[in-house]
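Written out below as structure tokens is the structure these notes cover.
The values are calculated or read from the model by the stated rules, or taken from the named source; none is laboratory data. Only a predicted model underlies this, so the values are computations on that prediction, with no experimental measurement involved. Reconstructed Cβ throughout: ideal geometry from the backbone, glycine too, with neighbour counts over all protein chains shown. The accessibility values were calculated without ligands, DNA or RNA, using every heavy atom of the protein model including side chains. Shrake-Rupley method; radii C 1.70, N 1.55, O 1.52, S 1.80 Å.
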Amino acid sequence: MKIAEVAVDCPTKQLNKVYHYLVPPHLSKILSYGARVIVPFGRQRMLGYVIDIKGQSEVENLKQIIDVLDADPLIGDDMIKLGKWMAHRYITNLAVCFNAMLPAGLKTNTIEKYVAGNSCTNEELKAFMSKPRTLGELAKKFNVSSDDVACYIKEKVLVKHKFFQQKSSKKYIDILSLNARSSKNQITKGAFRQHQLFEVLQNQGEVVYQKLPTELKRAANTLVEKGVVQRNKTQVFREPDSINIKEKVISDLTAHQKKAYEMISESLNKHKQDNFLLWGVTGSGKTEIYLRLAQKIITQNKQVIVLVPEISLTPLMVNRFKSRFKDDVAVLHSGLSQGEKLDQWQKINEGKVKVVVGARSAVFAPFKNLGLIIIDEEHENTYKQEENPKYNTVEVAKKRVKLLGGVLILGSATPALESIYKAQKGEYKLLKLPKRANSRPMPKIDVIDMKQELTEGNRSVFSRKLLNHINNSLDNNEQVVLFLNRRGFSTTTLCRKCGFTFKCPSCDLTLTSHDSGNYMVCHYCHYQIANPSKCPSCKSIHLAFNGIGTEKLQKKVQETFPHSRVLRMDVDTMSSKDSYNKVYQQFANGQVDILIGTQMIAKGFDFPNVTTVGIVIADMGLNIPDFRSAEKTFQLVTQVAGRAGRDEKEGKVILQTYSPEHYSIEHSSSYEYMDFYTKELKIREALNYPPFAHMIKFDIIASQEEKVRSEAEKVSFALKEILQNHKIKKSEILGPVMSPRYKLRNNYRWQVILKTKDLKQWLDVLNKANFPYKFSKGVRVSIDVDPLTTT
Ligand SMILES: Nc1ncnc2c1ncn2[C@@H]1O[C@H](COP(=O)(O)OP(=O)(O)OP(=O)(O)O)[C@@H](O)[C@H]1O
Ligand SMILES: [Zn+2]
Ligand SMILES: [Zn+2]
């Protein structure tokens, strides 16, 4: 018998390990690489992916594969390679990596069933449970409680099995048409409806059965039976929404665009594997370059993946690509319904489209002849997946094009520090677009010291300068964008008498008040309470709602500019699927004067009529204890500022801050990226942070406070032991320390951070050792290789 190597999808095994199974003869003819199979695993049945088939194995007493789910595997050869690389690079379970490559609708959905066990003596039960039954079926017949069932399982009267079923199915319609030799004579004389349908089909050729009114459906059924009409099932592809903005026609590229286009084209022409960093200021026309390169790839009969950092930005990009490539474009992101996702995925898999636009997970789009991956706004944090597998899309894309010999383009107005560093080291080819495409100047950024405003008696959130500029823009029928990177009404609620602060009982976080202070919510776990009228500690009624979020800002804007039309764009107003598109469209149509928003409005907005951009509090991110906070602030300021003055009208940016002397504010307001970069790089080097070292973060998590701490010490000890035994150089182990967010959802967290210049050796050792090993029950150790933050 042949032997299959299977990556088993067992959530409790974090191990990057494969298992061997015998392939029973009846399956051997249909089993291939990448197929999903059901295998016995311990006492359970599990889903797994076949990653190799061999003639023999050293392992004895192998079990057999129970079933095969795909005759035509979902995961191709190159994706198996990519998955193996991911599992190793991010120290995680191989099956989890394959799961990440498939749309949720395709992942099988587990249902549990039960069969009679060895100790079952009740004949009736035994007979009924000889075939697998669900809990519901069992309960219906024998009127058992869940306690009974638990007891049965313990006594082995029943055995639990896991079964799998496909959750989301394809959508079909039936097309009706006349048979070649049909004639009206075949229809009964008085059958009016049948005659009617016949005529329709004669005129139109075909109709969709599902769209017919009931009477005609009945007629259709009869005619199909008679053989007059034929009925063919066809799959329909569900189309996700897109936005409708008219595309500008651009006849000539600017000199810089042309140079960049030609450099990348050269690699494509020679089928050479290359990675490019396209560093173009806001409004420099990066997208136009993407479009023309996509065109080129299509003529080479290859395909292209275009990634955007947020779901909300997909309709914009999709619109631009669809207006050029029409039906050749598919969309893939987690905001689609399962059915939509499945349809899009299938279109890609079957080669029916040439372009995929999507968020992070679209990097796994199953193209068979992929030639190019474009990652727009490559510096964004959203390209890192926070759950397992904790991959970085940029790294995965780099690996994927390397395996295929394709080209990668990383585009940004504010590339990640690490990307610039890599470009300087020669890992990326650097292409610059230093000017806006329409040669408009970059908007001037005025820095306002809000401490000074206060000293001079202005207690409002608007500096006098910002007020002036908003008024000017409104007077001229121009538009205003106000950016504040914090949602909600107020961010802390404090008792003025005793100092009590309202905090989430499950998390170590203050509650944010929402809806003009009607309720308070924990932004982490969504715990919610009605707004208090008095302090629970001292019963004082003097509560202070401190800190401003976008909701409070909106209220203040409406009070200050009562005649203006104001809209807000943040997670709270974007609850429905097309809310982003609606607000975008309204703003584009000039139905909105002032748009308020969080980082959602920092990117992708290309509106000619925006002349004032206000950054209400620029230093929000600077207070976060994280080594990237200066970089993030720099990037955000530059991106937001880039929304102003993109066309004929001159734009102005008012940046309000409490720390005008901070180097990230100073350099961003003068567009001095290189000065910022040089300074920040020096700091990183001194502290041995990326790009000078890799990091691996170990989070130790448990509900018992004592246990977490002792376990964290064990992890740190084990790492130190590895360090010594393997003589790994240039590494330091920090901690254990309490995590900056110590308590979340009633779990306590400690962390250990490993910094190293020799990531390769650490990965080899940790994967081999199946680290973290021997941790106690109830404790979770989560590993994040190259985390974006240490919080
Ligand atoms: N060659 C060109 N000639 C004239 N206009 C152009 C040209 N290329 C692009 N544009 C226009 O310049 C504007 C900015 O282009 P685009 O949105 O692609 O820039 P971007 O680099 O992606 O900017 P951002 O990073 O701010 O999103 C668009 O309105 C676009 O239509
Ligand atoms: Zn109080
Ligand atoms: Zn909470």
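In the assembled protein chains, M101 presents an accessible area of approximately 10 Å² (probe radius 1.4 Å).
Applying the Karplus relation 6.51 cos²θ - 1.76 cosθ + 1.60 with θ = phi - 60° to region 485-494 yields 3J(HN,Hα) values of 8, 8, 8, x, 8, 10, 9, 9, 10, 10 Hz, where x marks Gly and Pro.
Legend: helices of the chain (whole DSSP H runs) are marked when their alpha-carbon atoms reach 30 angstrom or more along the helix axis and their mean Kyte-Doolittle hydropathy is at least -1.0; marked are 705-725. These residues, E672, E380, go from largest to smallest accessible area, 1.4 Å probe, as E672, E380. The fraction of accessible area contributed by carbon and sulfur in the chain is 49 percent, rounded to a whole number (1.4 Å probe; ligands and nucleic acids excluded).
Just the isolated ones, please: cysteines in the chain lacking another cysteine beta carbon under 4.7 angstrom. When partners are defined as cysteine Cβ atoms under 4.7 Å apart, the chain leaves C10, C97, C120, C151, C525 without one.
In this Cβ point-charge picture (+1 for Lys and Arg, -1 for Asp and Glu), region 634-689 has a dipole of about 160 debye about its Cα centre. The distance from the alpha carbon centre of region 529-599 to that of region 623-693 is 26 Å, rounded to a whole number. Shape summary of region 6-92, radius of gyration then Dmax from alpha carbon positions: 12.7, 37 Å.
With 10 Å bins beginning at zero, the pair-distance distribution over Cα atoms of region 255-433 amounts to 10, 42, 39, 10, 0 %.
Shown here: region 551-640, whose C-alpha atoms stretch 41, 29, 27 Å along the first, second and third principal axes, sorted largest to smallest. Counting Lys and Arg as +1 and Asp and Glu as -1 over every other residue whose Cβ lies under 15 Å from the Cβ of L277, the net charge comes to -1. For region 576-711, relative contact order (Cα pairs under 8 Å, six or more residues apart, normalised by length) works out to 21 percent. A viscosity of 1.002 mPa s and a temperature of 20 °C, combined with the Kirkwood radius over Cα pairs in Stokes-Einstein, give a translational diffusion coefficient for region 295-393 of 158 µm²/s. Pairs from the table (K425/K757; K322/K444; K384/K425) lying more than 25 angstrom apart at Cα are K322/K444. Checking the Cα-Cα distances for K503/K534; K246/K368; K402/K429; K432/K755; K714/K755 against a 25 Å cut-off, the pairs over it are K246/K368; K432/K755. Annotation: S564 carries an accessible surface of approximately 20 Å², with a 1.4 Å probe and no ligand, DNA or RNA atoms counted.
For the peptides 696-703, 523-530, the ranking by packing is 696-703, 523-530, with the highest mean count of neighbouring Cβ atoms within 10 Å listed first. Accessible surface ranking for T121, T282, 1.4 angstrom probe, highest first: T121, T282. State the antiparallel share, in %, of DSSP beta bridges confined to the chain, rounding to the nearest 5. So the antiparallel bridges amount to about 60 percent of the total. Applying the Kirkwood pairwise sum to the alpha-carbon positions of the chain produces a hydrodynamic radius of 30.3 angstrom. Mean residue ellipticity at 222 nm, helices only, the chain: -9500 deg cm²/dmol; runs of at least 4 DSSP H residues each add -39,500 (n - 2.57), and the sum is divided by the number of residues. Residue ranges 364-373, 405-414, 422-431 sort as 405-414, 364-373, 422-431 when ordered by packing (mean number of other C-beta atoms within 10 Å per residue, highest first). Region 312-366 and region 406-453 have Cα centres lying 27 Å from one another. Taking every protein chain into account, the accessible area of the chain amounts to 47 square angstrom per residue (probe 1.4 Å). Altogether, the Stokes-Einstein calculation at 25 °C and 0.890 mPa s, with the Kirkwood radius of region 706-776 over Cα pairs as Rh, returns a diffusion coefficient of 189 µm²/s. If you sort F462, F41 by accessible surface, 1.4 Å probe, largest first, the order is F41, F462.
For K131, a cut-off of 15 angstrom between C-alpha atoms picks up these aspartates and glutamates, skipping any fewer than 8 places away in its own chain: E112, E123. Across region 455-528, Cα-Cα pairs more than 17 Å apart make up 62 percent of the total. Under the criterion of Cα pairs below 8 Å and six or more residues apart, the relative contact order for the chain equals 10 percent. Do you know the relative contact order of region 255-433, to the nearest whole percent, from alpha carbon pairs under 8 angstrom that are 6+ apart? Relative CO of region 255-433 lands at 34 percent.
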